[in-house]
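First comes the structure, then the notes that go with it.
The values are calculated or read from the model by the stated rules, or taken from the named source; none is laboratory data. Keep in mind the model is a prediction, meaning the values are calculated, not measured. Counting neighbours? That spans all protein chains shown, and the Cβs are built from the backbone with ideal geometry, glycine included. Keep in mind that these areas ignore ligands, DNA and RNA; they rest on the heavy atoms of the full protein, side chains included. Shrake-Rupley method; radii C 1.70, N 1.55, O 1.52, S 1.80 Å.
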Amino acid sequence: MSGFDPLVIERGNAGDPPTHAEKSGRRLFVKSFGCQMNVYDSQRMADVLARDGFAETDRVEDADLVILNTCHIRERAAEKVFSELGKLRVIKADRAKMRLDTKIIVAGCVAQAEGAEIFRRQKAVDVVVGPQSYHRLPELLQRAERRSAIDTEFPADSKFDHLAVPSPAQIRKRGVSAFVTVQEGCDKFCSFCVVPYTRGAEDSRPLAAIVAEVERLAAAGVREVCLIGQNVNAYHGRTEEGGSASLAVLCAELAKVPGIARIRYTTSHPGDMDASLIHAHRDQASLMPFLHLPVQSGSDQMLLAMNRRHKSADYVALAAEIRRARPDIALSSDFIVGFPGETEEDFEATLALIETVQFAAAFSFKYSARPGTPAAELKTQIPEDMKAARLKRLQALLEEQRQSFNRSMVGRRLDVLIEKPGRHPGQIAGKSPYLQPVQMDGDVEHIGEIVAVEIVAAGANSLFGRIVPDQAAREAFR
Ligand code: 5AD
Ligand code: SF4
């Protein structure tokens, strides 16, 4: 889980013929907080509701139905929801003055964790729906015509069995790179983490269902899939023969889908990085050389208290083994500073691990006590100002490594998947194999292609390059 920017799903292309939803005129606005799994879930909720007559809008004031797909991982993420709801209450009241009805849905992990408490804190909310129940949204909305409705069950039937199929136009609008949830929930119970409580026990989707979904995406022009799961490398999906497929097997199957050129996966636990997956990084060309592998801390005491089930040296050895299999692989990680009881020595052990491993990217957080998790009960909580000071030091080191990794690309040729128009007219933008944004001059016709690009400069957040003009060089590079 990473990338905590809110995402707004935008409305369909003006060029598409009007759908039933557009004709019936009901509009949906979805805002997604937190991890990529929420982005995926938001799209699936939009797909379910499209079947029921809702077209997406990017203007919240126009929406008959607003969904906040929420995140509970840290306190700040959860509190953001209530400030958003305050703004929505005003919009709902303004629309009511114009005799327009507005329904407000709180979905996702805050819904799961707080349940009916949300209605008490914000009366404008109509529906509360947990991450396992979004396929029941149409029914919940019907119930909400009479009174507020809630569903935070962990139903026996998987929501994946009820997925609405998005139209090819919807898929195209979402871009050439797509998230696909392959696994959900977590059985690891790290002592700081709410995920095992909000997302429930680990559950893998069957292999064939994922292959079918990726085939559909590829047929609509998707070139890259990012397989997501809270603990994605624990994936063990049922096969049609009654066996179980590992993530390495799943990746190999997806690489056979015509059109799919790149495969990524996130987020992984070091303990589930088995030999078959490490070898897949050596053997499978479509598996991109970028791996997000959270370590959280470099101190054995902290790792034990966090219930991470490995030592610092195990992680360092694992990183080395992965690099032996795929020498150019870029590693990324998550870190928590100020976990209860963290001493200066513990913190310095984290800095030392970072110096040893060298990361191309990272997410880092101050520890946030989450109700119901074991670490929240510990008496050795660290003062906020100490957490802030440590986070600053940690981020300075990580940023130095990120910049140095980006600078090392200058002068190299990289395969870039072109995703969208660039910042300025005449420019296009895409991603390197190492997940770096790359900007260059070029025609939007290249969108969806993988082109060889010579990197000429590294900015703070993007690389800048030139498409290698010679076609032969380009093909040879592929
Ligand atoms: N406090 C701070 N960070 C947390 N994370 C998860 N739970 C907490 C918490 N209680 C971070 C971890 C995880 C990432 C998704 O969020 O680093 O890998
Ligand atoms: Fe949370 Fe740990 Fe599971 Fe990751 S592995 S989702 S941090 S409990």
When you scan the range 219-229, do you find a residue that is among the basic types (Lys, Arg), over 20 Å from His279 (Cα atoms) and open to solvent by 10 Å² or more (accessible area, probe 1.4 Å), even just one? yes
Extreme residue, surrounded by the fewest Cβ atoms within 10 Å (Cβ to Cβ), among residues of the range 367-400 that are within 16 Å of ligand 2 (Cβ to nearest atom) and of a type in the set (A, V, I, L, M, F, W, C): Ala369
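Residue-by-condition table, conditions (1) within 16 Å of ligand 1 (Cβ to nearest atom); (2) among the polar types (S, T, N, Q); (3) within 21 Å of Gln296 (Cα to Cα):
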residue: Gly221; (1), (2), (3): no, no, no
residue: Glu224; (1), (2), (3): no, no, no
residue: Ser246; (1), (2), (3): no, yes, no
residue: Ala252; (1), (2), (3): no, no, no
residue: Ile263; (1), (2), (3): no, no, no
residue: Thr266; (1), (2), (3): yes, yes, yes
residue: Asp272; (1), (2), (3): yes, no, yes
residue: Leu277; (1), (2), (3): no, no, no
Check the range 120-132 and report whether any residue there is farther than 30 Å from Tyr367 by Cβ, away from ligand 2 (no atom under 16 Å from the Cβ) and not hydrophobic (A, V, I, L, M, F, W, C). yes
Among the residues of the range 272-306, which ones are open to solvent by 60 Å² or more (accessible area, probe 1.4 Å) and within 16 Å of ligand 2 (Cβ to nearest atom)? Asp274, Leu304
The range 408-425: number of residues that are open to solvent by 50 Å² or more (accessible area, probe 1.4 Å) and either at pLDDT 95 or above or β-branched (Val, Ile, Thr) (or both): 7
Would you please list the contacts, defined by Cβ atoms under 9 Å and residues six or more apart or on different chains, that run from a residue in the range 388-414 that is at positive phi to a residue that is acidic (Asp, Glu)? Gly411/Glu454
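Taking the condition more than 16 Å from ligand 1 (Cβ to nearest atom) and open to solvent by 10 Å² or more (accessible area, probe 1.4 Å), does Thr239 pass? Full working, then the answer.
Numbers: more than 16 Å from ligand 1 (Cβ to nearest atom): yes; open to solvent by 10 Å² or more (accessible area, probe 1.4 Å): yes.
Here the answer is yes, as Thr239 does meet what is asked.
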Residues of the range 178-197 that turn out to be within 14 Å of ligand 1 (Cβ to nearest atom) and aliphatic (A, V, I, L, M), as a count: 2
Please give the number of the condition Ala325 fails out of (1) within 16 Å of ligand 1 (Cβ to nearest atom); (2) surrounded by fewer than 20 Cβ atoms within 10 Å (Cβ to Cβ). (1)
Does Val127 qualify as being touching a residue at least 40 places away in the same chain (Cβ under 8 Å) and under 25 Å from the mean Cα position of the chain (by Cα)? no
Which of the following residues is closer than 22 Å to Arg466 by Cβ and more than 16 Å from ligand 1 (Cβ to nearest atom): Asp385, Asp441? Asp441
Does the range 198-208 contain any residue that is more than 21 Å from Ser244 (Cβ to Cβ), among the hydroxyl-bearing types (Ser, Thr, Tyr) and open to solvent by 30 Å² or more (accessible area, probe 1.4 Å)? no
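Please state which one of Arg370, Arg390 is within 16 Å of ligand 1 (Cβ to nearest atom), charged (D, E, K, R), closer than 26 Å to Ala77 by Cβ and not in a helix (DSSP H, G or I). Spell out the reasoning first.
Numbers: Arg390 fails: not in a helix (DSSP H, G or I).
Only one candidate qualifies: Arg370.
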Go through (1) under 30 Å from Asp203 (Cα atoms); (2) more than 16 Å from ligand 1 (Cβ to nearest atom); (3) not in a helix (DSSP H, G or I) one by one and return the number of the condition Ser42 breaks. (3)
